[in-house]
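Read the figures in this text as sums done on the coordinates, not as results from a lab. If you're wondering where the values come from, they're calculated on a predicted model, not measured in any experiment. Positions of Cβ are backbone-derived with ideal geometry, glycine not excepted, and every protein chain shown enters the neighbour counts.
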Ligand code: NAD
Ligand code: TYD
């Protein structure tokens, strides 16, 4: 047993939170983090891990079959795939990179994992593959896939490929589908960190459409614990929905953030709606709770207050992103523009 785990996309929001969780709670694991450091990857998210014996960072692309083969052949036992293009709005502007990373990258990883007989592969997916709900009900693992954005279509394609690899080859893939995450290290293009950092910088917050779209929010730590549980207790070929029953309209989130930051309604600005904007997401996580013995632990009000405080306390982290300064750091590390 090498106890070696390959974590792809570990310099992003959820991947870096997962790395922190494993370093703290699974000291027996060796972590190899593969990340190409796109605009969304940030070495600052892993600053505390650099230099730790258990942790190795490799800058590289999951579509690079040679590199992926080399890394996995070196005694990797488990792969957890976070690497993705993850922002719906960017996928609407153009989705080539989404197709390449989210679909082709998953295929490259699964082929290498299969070749080297990796027993477990966790594919980190999203509830967005199910499409949009009406007023009632929640997504279960039986809900048919109906993605509406190029992003969710690319994730659904990867999920289908994972399913096919299990059915065809008996490949040990476990797929998790989680709802919207919030917490530390989220790139400030997504709703919550964008709004918090705008408000801290004295800027207005752009609410799409009527602001009544509903998302089901979960703290990133609860998501990471669920992925760990899926990795340790999940069954090959199974899907697990992950969520923590916090359905909120975007207006509710906006009002909460205004209140937490002592700002008034004048900072809220309605803007044009997102094309194909999914109306409502809600997750039924009964299967994960029953089979993985997992429960969300973070109370929503407390989690949001702590998250806002994290962005207040880590102003230089998001300012370096907003000014592009973090890319200069990557350039210094790797000697070229990324
Ligand atoms: P993110 O955009 O913050 O991070 C993605 C990471 O992947 C970055 O570090 C980036 O550099 C890296 N990456 C991108 N393309 C790569 C490539 N070709 N090779 C290697 N690395 C590459 O995303 P996130 O919010 O942390 O999401 C992680 C995963 O979780 C994604 O698969 C996403 O679909 C899924 N997910 C996200 C949410 C959410 O609310 N953020 C919810 C459910 C599921
Ligand atoms: P986002 O954080 O992009 O996540 P997703 O689209 O994957 O759910 O958006 C969350 C919700 O917030 C979604 O309904 C779109 C809305 N939204 C805004 O109203 N304004 C914004 O500037 C952004 C980024 C999102």
> Quick one: helix 13-25 against the long Cα principal axis of the chain, what's the angle to the nearest 10°, folded into 0 to 90?
Replying inline: 60
> Mind ordering 105-115, 119-129 by average Cβ neighbours within 10 Å, highest first?
Replying inline: 119-129, 105-115
> Could you give the length gained on full extension between residue 168 and residue 140, defined as 0.36 nm per residue of separation minus the Cα-Cα distance, in nm?
Replying inline: 7.7 nm
>> Helix 150-169 against the longest principal axis of the chain: what's the angle in degrees, Cα atoms only, rounded to the nearest 10?
In response: 20
> Taking only C-alpha pairs under 8 Å that are 6+ residues apart, what is the relative contact order of the range 9-104 in percent?
Replying inline: 28
>> Under the rule a/c < 1.5 gives rounded, and otherwise a/b versus b/c splits prolate from oblate, where does the range 66-223 land using the Cα gyration tensor?
In response: prolate
> In degrees between 0 and 90, to the nearest 10, how far off the longest principal axis of the chain does helix 300-313 point, with axes built from Cα atoms?
Replying inline: 90
> Taking the radius of gyration and the Kirkwood hydrodynamic radius from Cα positions alone, what is the Rg/Rh ratio for the chain, to two decimal places?
Replying inline: 0.94
>> Quick check on the range 205-338: take the gyration tensor over C-alpha atoms, sort the square-rooted eigenvalues as a ≥ b ≥ c, and tell me if it's rounded (a/c under 1.5), prolate or oblate.
In response: oblate
> Can you give the relative contact order of the chain as a percent, counting alpha carbon pairs under 8 Å and 6+ residues apart?
Replying inline: 18
> Which one of 163, 177, 26 has the biggest mean-square fluctuation once the chain is modelled by GNM with Cα springs under 10 Å?
Replying inline: 26
> Once fully extended, how much extra length lies between residue 245 and residue 208, figured as 0.36 nm per residue of separation less the alpha-carbon to alpha-carbon distance?
Replying inline: 11.0 nm
>> What does the C-alpha gyration tensor say about the overall shape of the range 33-118? Classify as rounded when a/c is under 1.5, otherwise prolate if a/b is larger than b/c, or oblate.
In response: oblate
> So how do 322-329, 40-47, 221-228, 198-205 stack up, highest first, on mean other-Cβ count within 10 Å?
Replying inline: 221-228, 40-47, 198-205, 322-329
>> Can you tell me, using C-alpha contacts under 8 Å and at least 6 residues apart, the relative contact order of the range 153-210 as a whole percent?
In response: 15
> Between residue 264 and residue 117, how many nm apart are label points set 7 Å from Cα along the C-beta direction?
Replying inline: 7.0
> Under the rule of -39500 (n - 2.57) per DSSP H run of 4 or more residues, summed and divided by the residues of the chain, what mean residue ellipticity at 222 nm is obtained, to the nearest 500 deg cm²/dmol?
Replying inline: -12000 deg cm²/dmol
> If packing is taken as the mean number of other Cβ atoms within 10 Å per residue, what is the order of 17-25, 152-160, 294-302, highest first?
Replying inline: 152-160, 17-25, 294-302
